[in-house]
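Just so it is clear, none of the values below were taken in a lab; they were calculated from the coordinates. Source: prediction; values computed, not measured. Cβ sites come from the backbone with ideal geometry, for glycine too, and all protein chains shown count toward neighbours.
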Amino acid sequence: MRYFPLIWRNLLRRKVRTIFTVGSVFIALVLYSFLMVVQSAFTLGVDLAGVDRLVMMHRISLIQLLPIAYLQQIRATPGVVGAAHNTWFGGTYQDQANQFAIIAVDPGYFPIYPEARIPEDQLKNWMIDRQGAVVGRATADKYGWKIGDKIPIQGTIWTTKQGRTWYFNLDAIYDGDKGFDTTNFFFHYEYLDENRQGAYGMVGWYVVKIDDPVNAAAVASRLDSRFVNSPAETKTSTEKAFLQGFVNQIGNIKAIVIAILVAVLFTLFLLVLANTMAQAVRERTSELAVLKTLGYSNGLVLALVLGESMLLALVGGSLGLAVTWFAVSGGSFNNAFLPVFVMRYRDVVIGLLLCCLLGIVAGALPAAAAMRLRITDALRRT
Amino acid sequence: MPAWIGQTFTVAALSVRTIPQRLGSSAVAVVGIAGVVIVFIAVLSIGEGFRAALADAGSPGRAIVMRSGADSEMTSGLGGQEVDVIKQAPGLRRDHNRPTASSELYVLVDVNKRSTATPAMVPLRGVEQTALDVRDEVQIIEGRMLRFGTNEAVVGRSANRQFAGVDVGSTFKSGNLTIEIVGIFESRGSVTETEIWCDGRLIQGVYQRGNSFQSVLASLDSPASFDTFKDWLTSNPQLNVQVRRETDYYAAQSQMMTGLIRGIGYTIAFLMGIGAVFGAILTMYTAVATRTREIATLRALGFNTSSVLISVLTESVVLAALGGAIGGFAAYAAFNGYQTSTMNFQTFSQVAFAFAVTRTLLVQGLTYALVMGLVGGLMPAIRAARLPIASALREL
């Protein structure tokens with residue numbers, strides 16, 4: 001640490017160069033964290049999936065409906081401690097662009113999802129209100145809904161005898177920890193089934209809570225074998241695998257993100273920093289020789305140059321990470337398809353490690369040159 | 001020609017000619033800008049390819065009829081009687097007194113992707129015999145068309161490329177559904193090629209749909225007869241339907257995804273652009289610094305400040321153009337035509353498409369590169385122009 005002032009002074013000698021090098025690294029890390037936020041928006045649900053929950057869907061595809069009668073059989077299966085059915089209700093609020101997930105559920109749903117925190121009295125009200133809805137905080141805030149509001153939703157799949165508009169009473173608002181999706185809109189399946197035209201007694205998919213995550217595979221195959229050779233065969237997987245399946249359908253997001261990151265880090269970080277360090281060592285040739293004459297060891301000179309490179313990388317990098325951190329924590333973008341924007345600690349740590357690593361790589365060649373510098377040659381040069 | 005133009009030209013040529021002497025630092029600007037252009041073009045070519053796949057599926061001469069309120073075929077439903085009424089509408093093309101319209105069903109089946117062996121939801125379209133008359137762009141390119149009344153199916157070229165187990169001669173089984181693939185069709189590379197087609201009656205049976213359908217695709221007398229067709233249907237009290245031009249229907253389906261990709265693409269390109277401008281500024285400052293004496297000499301000889309300013313800007317723009325050209329070429333070589341598939345959030349169904357590096361994207365990329373070069377060169381250029389001659393000459 002006693003050499004820190006020396007390194008610092010060196011950085012201040014060429015202020016313009018230092019500013020733009022730090023700026024370039026800063027932008028590279030802003031991009032890194034932005035990409036990580038986008039990527040985790042796609043995959044966050046997978047990471048947060050409950051290990052003790054299974055999802056059962058129709059074997060042919062998720063859009064095929066299953067009979068509601070399966071619920072009793074699922075609940076009676078050994079290893080199952082709870083089950084609820086879900087039915088997708090496609091709908092929009094006021095404008096076609098205002099979409100969020102609207103799901104008809106049975107009352108057994110919320111006990112399976114303790115992550116969705118609902119005040120006791122609100123939940124009680126919802127339980128006794130056939131037209132009641134439970135809405136996530138993000139969606140309620142976005143449209144300015146309050147408890148007690150009457151909310152009209154235009155159904156895209158299900159129509160009532162009266163028309164396309166369904167009316168709901170907002171009885172409860174649920175919250176969740178950071179990263180938990182609070183954009184969903186839940187209501188009673190009974191209300192849907194009594195009023196829709198057709199598909200009576202059919203539900204979308206089941207969520208099943210099991211006693212022990214270790215038994216997941218066994219319970220899943222037990223469930224599927226119950227309904228084999230029936231008109232609606234099933235496919236049961238862990239919630240994680242189910243959600244991962246969705247992510248897989250979108251495509252290889254990870255590969256795209258990594259490809260972009262490589263381009264960003266190479267061009268904006270490594271190349272710029274390496275060039276800056278090469279220039280710095282070149283202009284200070286005679287000084288470095290003087291340092292060596294004064295007794296600085298080769299190793300120390302190497303460390304000084306590497307230290308300077310890493311310092312540039314870390315200053316720019318941590319600024320970049322901090323900016324995204326504050327931008328993201330400022331509020332959710334609440335996009336219908338990427339509902340949750342958060343930056344994870346893990347990605348921050350990886351970002352800092354990347355700075356150190358790239359700082360060393362960028363400084364390696366100039367530092368080695370500085371280390372190998374022979375005093376007599378260097379002093380003779382100018 | 002006024003003297004200053006000649007002067008400017010001479011000095012600019014001089015600075016461009018000396019670029020090879022500063023290869024190392026020039027590379028920072030060139031590679032930096034090339035990197036931005038590659039990423040910019042690559043990301044946007046995904047959106048462009050996706051949009052094109054959906055846009056090319058539609059024809060202005062066709063209309064699609066669905067239940068009113070449905071946002072896609074999947075959420076629509078039409079009874080058999082309704083379908084019969086729809087086929088009587090005026091404006092509909094009739095060949096040999098038979099309406100050129102196909103009443104269809106649209107469901108999704110889980111099929112494994114070839115690349116990852118993970119399931120993806122692929123559209124299975126139940127068609128009737130007129131399907132090929134309505135869509136005259138569809139051609140069977142391998143095997144033959146399916147025979148109606150059987151469980152035969154034909155698969156789109158992209159679906160065949162992206163998904164496993166749907167080759168000609170293979171039998172695809174899923175739950176109660178069993179189909180035999182007998183042919184492959186193409187359709188201008190559009191999203192239609194992501195579909196598997198079978199007899200609509202087969203889907204009605206397997207999926208317990210009775211005699212119901214989801215949409216009617218109708219070929220019109222001419223694009224202009226759309227209004228006649230639509231007005232008759234929407235004012236008919238027997239029906240509760242919406243009528244959309246097929247082009248509009250597909251364009252709407254790509255909106256959300258293309259918007260998302262563009263949003264992300266522009267954000268990345270903008271941020272990267274700032275970084276690349278920083279790199280270019282560094283490069284140009286270095287260039288000015290190493291040529292301090294030379295520039296001062298020119299000024300002492302009587303070359304004016306604007307010619308020095310422009311010469312530095314020219315060098316920066318030349319480097320940027322080089323970077324832009326390299327980036328554009330690399331992006332085109334690496335990504336154009338790259339086949340992939342993704343899930344359309346709006347319909348949850350797979351869309352196979354090819355990355356499309358269009359001419360517009362290349363021009364945009366190059367323009368962006370030139371802008372980065374100009375912005376990056378500006379500050380160093382002003383500095384060069386303002387160099388105090390006396391002290392600059394004294395520098396080593």
**Prompt:** Where nothing but the Cβ of Lys and Arg (+1) and of Asp and Glu (-1) is charged, how large is the charge dipole of chain A around its Cα centre, in debye to the nearest 20?
**Reply:** 2060 debye
**Message:** Could you tell me the relative contact order of the stretch A:138-262? Use alpha-carbon pairs under 8 Å, at least six residues apart, and round to a whole percent.
**Reply:** 16 percent
**Message:** Net charge around residue A:329, counting only other residues with Cβ within less than 13 Å of its Cβ (Lys, Arg = +1; Asp, Glu = -1)?
**Reply:** +2
**Prompt:** Name the chymotrypsin sites (Phe, Trp or Tyr not before Pro) in the stretch A:183-246 that are in a loop by DSSP and that have at most 12 other C-beta atoms within 10 Å, would you?
**Reply:** A:200
**Prompt:** Out of residues 5 or more away from residue A:174 or on other chains, whose amide H comes under 5 Å of its own, with H placed 1.01 Å from N in the peptide plane?
**Reply:** A:135, A:136, A:137
**Asked** When only Cα pairs under 8 Å and 6 or more residues apart are kept, what is the percent relative contact order across chain B?
**Response** 30 percent
**Complete:** Given the candidates B:223, B:83, B:187, the one whose Cα lies deepest towards the positive end of the charge dipole of the stretch B:69-239, counting +1 at each Lys or Arg C-beta and -1 at each Asp or Glu C-beta, is B:187
**Request:** Could you list the chymotrypsin sites (Phe, Trp or Tyr not before Pro) in the stretch B:1-93 that lie in coil according to DSSP, counting only those with at most 13 other Cβ atoms within 10 Å of their Cβ?
**Result:** none
**Request:** Find the lysine pairs in the stretch A:60-232 meeting two conditions, Cα atoms under 18 Å apart and a separation of 8 or more places or different chains, and report how many there are.
**Result:** 4
**Message:** For Cα pairs less than 8 Å apart in space and 6+ apart in sequence, what is the mean separation divided by the residue count of the stretch A:147-192, i.e. the relative contact order in percent?
**Reply:** 33 percent
**Prompt:** Taking the highest mean first, how do the peptides A:92-101, A:47-56 order by number of other beta carbon atoms within 10 angstrom per residue?
**Reply:** A:47-56, A:92-101
**Asked** With the Cα gyration tensor of the stretch A:1-84 giving a ≥ b ≥ c as the square roots of its eigenvalues, does the rule (a/c under 1.5 for rounded; else a/b larger than b/c for prolate; else oblate) give rounded, prolate or oblate?
**Response** prolate
**Complete:** From DSSP H assignment alone, runs of 4+ in the protein assembly as shown each adding -39500 (n - 2.57), the sum over residues rounded to the nearest 500 puts [θ] at 222 nm at -17000 deg cm²/dmol
**Dipole in debye (nearest 20) - the protein assembly as shown, about Cα centre, beta carbon charges: Lys, Arg +1; Asp, Glu -1** = 3480 debye
**Request:** Enumerate the calculated ³J(HN,Hα) couplings along the stretch A:319-328 in order (Karplus 6.51 cos²θ - 1.76 cosθ + 1.60, θ = phi - 60°), each rounded to whole Hz, writing x wherever the residue is Gly or Pro.
**Result:** 4, x, 4, 5, 4, 5, 3, 6, 4, 6
**Message:** Quick check on the stretch B:69-239: take the gyration tensor over C-alpha atoms, sort the square-rooted eigenvalues as a ≥ b ≥ c, and tell me if it's rounded (a/c under 1.5), prolate or oblate.
**Reply:** prolate
**Message:** Please give me the summed charge of the neighbours of residue B:194: other residues whose Cβ is under 11 Å from its Cβ, Lys and Arg +1, Asp and Glu -1.
**Reply:** +1
**Item:** Inter-chain Cβ neighbour average for residues A:5-18, partner chain, 10 Å
**Value:** 1
**Message:** Quick check: net charge around residue B:306, other residues with Cβ under 13 Å of its Cβ, Lys/Arg +1 and Asp/Glu -1?
**Reply:** +2
**Prompt:** With r defined as the distance between the Cβ atoms of residue B:211 and residue B:338 and R0 fixed at 60 Å, what FRET efficiency is calculated, to the nearest 0.05?
**Reply:** 0.90
**Cα-centre dipole for the stretch B:69-239 with unit charges at Cβ (Lys and Arg positive, Asp and Glu negative), debye to 20** = 320 debye
**Request:** Output the peptides B:191-199, B:324-332, B:292-300 sorted from most to least packed, where packing is the average of other Cβ atoms within 10 Å over each peptide's residues.
**Result:** B:191-199, B:324-332, B:292-300
**Prompt:** Is there a simple number for the mean count of other chain Cβ atoms within 10 Å of the Cβ of residues in A:235-245, and what is it?
**Reply:** 1
**Request:** Name the shape class, rounded, prolate or oblate, that the alpha-carbon gyration tensor gives for the stretch A:60-232, where a ≥ b ≥ c are the square roots of its eigenvalues, rounded holds for a/c under 1.5, and otherwise prolate holds if a/b is larger than b/c and oblate otherwise.
**Result:** oblate
**Cβ-based charge dipole, the protein assembly as shown, positive-most Cα from A:285, B:276, B:92** = A:285
**Asked** What average count of beta carbons from other chains do you get within 10 Å of the Cβ of residues in A:250-260?
**Response** 4
**Asked** Top mean-square fluctuation among B:258, B:347, B:228, Gaussian network model of chain B, C-alpha springs under 10 Å?
**Response** B:228
**Prompt:** So which trypsin sites (Lys or Arg not before Pro) in the stretch B:68-161 pass both tests, a DSSP loop state and at most 13 other Cβ atoms within 10 Å of the Cβ?
**Reply:** B:144, B:147
